[in-house]
Structure formats: structure tokens, C-alpha cells
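See structure below.
The values are calculated or read from the model by the stated rules, or taken from the named source; none is laboratory data. This one's a predicted model, so the numbers in the text were calculated from it and none came from an experiment. Only protein heavy atoms, including side chains, enter the accessible area calculation; ligands, DNA and RNA are left aside. Shrake-Rupley method; radii C 1.70, N 1.55, O 1.52, S 1.80 Å.
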Amino acid sequence: MVFTAPNLTDDNWNFAEVWIDPLLSPPYILLLLAESSGNYRVYDPSEGYQVVFTSASYEEAENWLLEDEFEPVEGRLSAVEI
């Protein structure tokens, strides 16, 4: 099965955030994408952008990342900025 990166030029998302596990060297990176539908998906770039977590709220996705000791990289990429 082939996974592809989310197409950030589509209009089906509101913002994207990068989260890292700073305890690893180099840091492990995950991508949190807020979809226009209201869902939040966490993608793993090292696994071909496979979805590793899905939730219906930002808080739930944020808590899932924080539980695994990920930290957000400062800044957020917004769909309206592209």
C-alpha cells in the first residue's frame, strides 16, 4: 500500500502544525492537520505520511501528542496564507 503526503494546496484544511519529540536526536516529527470538516489528523512523515491518530477535537489531538511527550514547534501554517 502506498501512502502519499497530504496535499496542503487542497482547500479541505484550515491549518497545520509541526510537533516534535525533542528527546530524540534528530527530533522525531509529526504533522497535525486540522481539516475543514472539523477532524484533526496526525501524520507521520517517516511512515509515508500515514495517519497515526484521528480525533474530532483539537484538544483530543493535542492531548494525544502531549501524552507521548511531543511538543509543538512554534507557529502554525494556515490555509489562507498559501
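So the values come out like this:
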quantity	calculated
Fluctuation leader among 68, 44, 21 - the chain, Gaussian network, Cα springs under 10 angstrom	68
Read-out mean projected area of the Cα convex hull in nm², derived from the coordinates shown; its label in (1) 10.2; (2) 5.2; (3) 5.7	(3)
Percent carbon-and-sulfur accessible area, the chain, ignoring ligands, DNA and RNA, probe 1.4 Å	52 percent
Angle in degrees between helix 58-67 and the longest Cα principal axis of the chain, rounded to the nearest 10	20 degrees
For the chain: accessible area per residue (Å², 1.4 Å)	64 Å²
Mean residue ellipticity (222 nm) of the chain, computed from DSSP H runs ≥ 4 via -39,500 (n - 2.57), nearest 500	-3500 deg cm²/dmol
